[in-house]
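Take a look at the structure below.
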Amino acid sequence: MTYIVELPNEKENGLFKNGESITMTKISIDPESCTHCGICMKICPVGIIIPGAEDNVPFIPAEAETFCSECGACEAYCPTECISPIFETEHYDTTEIGTAGITSEQLGTYMVNRRSIRNYLGKPVDKATIKSMLDIVRYSPSGMNSQPVNWTIVHDTERVKKLTAHSIEWMRNVLESDVDHPVKPFMPALIGSFEAGNDPICRGAPHIAIAHAPAENPMAFTDSIIALTWFELAAPGFGLGACWAGFLKIAADSYEPIREELGLPEGHAVQYAMMFGYPKYKAKSVPGRNPAKIKWI
Ligand SMILES: Cc1cc2nc3c(=O)[nH]c(=O)nc-3n(C[C@H](O)[C@H](O)[C@H](O)COP(=O)(O)O)c2cc1C
């Protein structure tokens, strides 16, 4: 097998796994239940699990543990469930494995019925429901399993209204200045709609989910978009609807009062935002979309 991470030559380095002498800090493998099937070694994305020199029980050499992304693949795929994480982690409360009997048709129906929801009932979503959604969303994939996304849930609807007001304030400032901004052409209409009593930014949603992470983390944006995509997809399963809050995200990038309202940790940036709540209307049909643009090579 080829290793993505270059491991030290065990023999040359005198690194032998002999009983207690090697202490792994990432995973523990129960030698009694291990059948030496080698699946953990094949499944490890960085190839750092290798056979023990004496008893053939797999292990991670101490030098390689730093490359473990704590993805849990070895634990999840071990047929005898003899691998346990030692690192701090929290498991999802399920005994189901796989697709829980969901057919591709059922999945397709669920996914294509997701719509951007821009009209909400006044009814608030209780925190337990939001926590259950985020408990699913924390399983969304992230680069090197770094899980950089932090959530600020704007649960207080009055604060949501303030975020809209701040966004409009920012747009007024931009319009009055010489600053060039790609959203500038849309600003007069958005301000006009706000002045007419509408909420063109957060659409009258009771709540906003803010995905934030350290601004200097170059991977956090992609990971946040994936996490929010999961959030939006999970919403209908809880009877909820959501919509990307693009204008809010754009305003948050430029306007300090929005960051202050959110009370983000120092150095964190709003990676993206999503409004959510109970939908006011129910779609009657699924709209059309472009056919998939595919090139087979
Ligand atoms: C990155 C992104 C930003 C968006 N920003 C907004 C927004 O600020 N306001 C809004 O009403 N819809 C916003 N949308 C929703 C899109 O308009 C919507 O996804 C698209 O029209 C397709 O409709 P559907 O989601 O119902 O399939 C955004 C969508 C994405 C992916």
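Values computed for the structure shown
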item	result
Set of aspartates and glutamates near Lys162 by C-alpha distance (under 18 Å), chain-local residues within fewer than 8 positions excluded	Glu195, Asp199, Asp253, Glu256, Glu260, Glu261
Dipole-positive endmost among Thr129, Pro61, Thr89 within the chain (Cβ charges, Cα centre)	Thr129
For the chain, with +1 on Lys and Arg beta carbons and -1 on Asp and Glu, the positive-most of Cys74, Gly277, Pro188 along the dipole	Pro188
FRET efficiency, 1/(1 + (r/R0)^6) with R0 35 Å, evaluated for Met111 and Asp180 via beta carbons	0.35
Over the chain, relative contact order from alpha-carbon pairs under 8 Å, at least 6 apart, %	19 percent
Solvent-accessible ranking of Ser140, Ser116, largest area first, probe 1.4 Å	Ser116, Ser140
Potential lengthening between Phe238 and Arg289 on full extension [0.36 nm per residue; Cα-Cα distance subtracted]	15.8 nm
Calculated FRET efficiency for the pair Ser193/Met144, C-beta based, R₀ 45 Å, to 0.05	0.60
Amide hydrogen neighbours beyond the local backbone of Arg115, cut-off 5 Å, H modeled	none
Spin-label proximity, Thr25 to region 37-78 - amide N less than 12 Å from point 7 Å beyond Cα toward beta carbon	62-68
Value of [θ]222 nm, deg cm²/dmol, for the chain, DSSP H segments ≥ 4, -39500 (n - 2.57) each, nearest 500	-9000 deg cm²/dmol
Placed amide H near His268: partners under 5 Å, 5+ positions off or other chain	Ala215
Theoretical FRET efficiency, 1/(1+(r/R0)^6), r = Cβ-Cβ of His91 and Ile225, R0 35 Å, to 0.05	0.90
Backbone HN-Hα couplings from phi across region 154-165 [Karplus 6.51/-1.76/1.60, Hz, Gly and Pro as x]	7, 8, 7, 4, 4, 5, 4, 4, 5, 5, 4, 4
Across Lys123/Lys282; Lys123/Lys249; Lys127/Lys249; Lys249/Lys293; Lys161/Lys280, pairs whose alpha-carbon gap is larger than 21 Å	Lys123/Lys249; Lys127/Lys249; Lys249/Lys293
Qualifying lysines (Cα of each under 30 Å from Cα of Lys42; at least 8 residues distant if same chain)	Lys11, Lys17, Lys26
Karplus 3J(HN,Hα) series, Hz, for region 39-49 with 6.51 cos²θ - 1.76 cosθ + 1.60 (x for Gly, Pro)	4, 4, 5, 6, 8, 4, x, 10, x, 9, 9
Amide H partners (placed H, <5 Å) of Ser28, local residues excluded	Ser84, Ile86
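The values are calculated or read from the model by the stated rules, or taken from the named source; none is laboratory data. All values derive from a computational prediction rather than experimental measurement. Cβ: placed from backbone, ideal geometry, glycine included. Neighbour counts: every protein chain shown. Just so you know, the surface numbers come from the protein's heavy atoms only, side chains and all, with ligands and any DNA or RNA stripped out. Shrake-Rupley method; radii C 1.70, N 1.55, O 1.52, S 1.80 Å.
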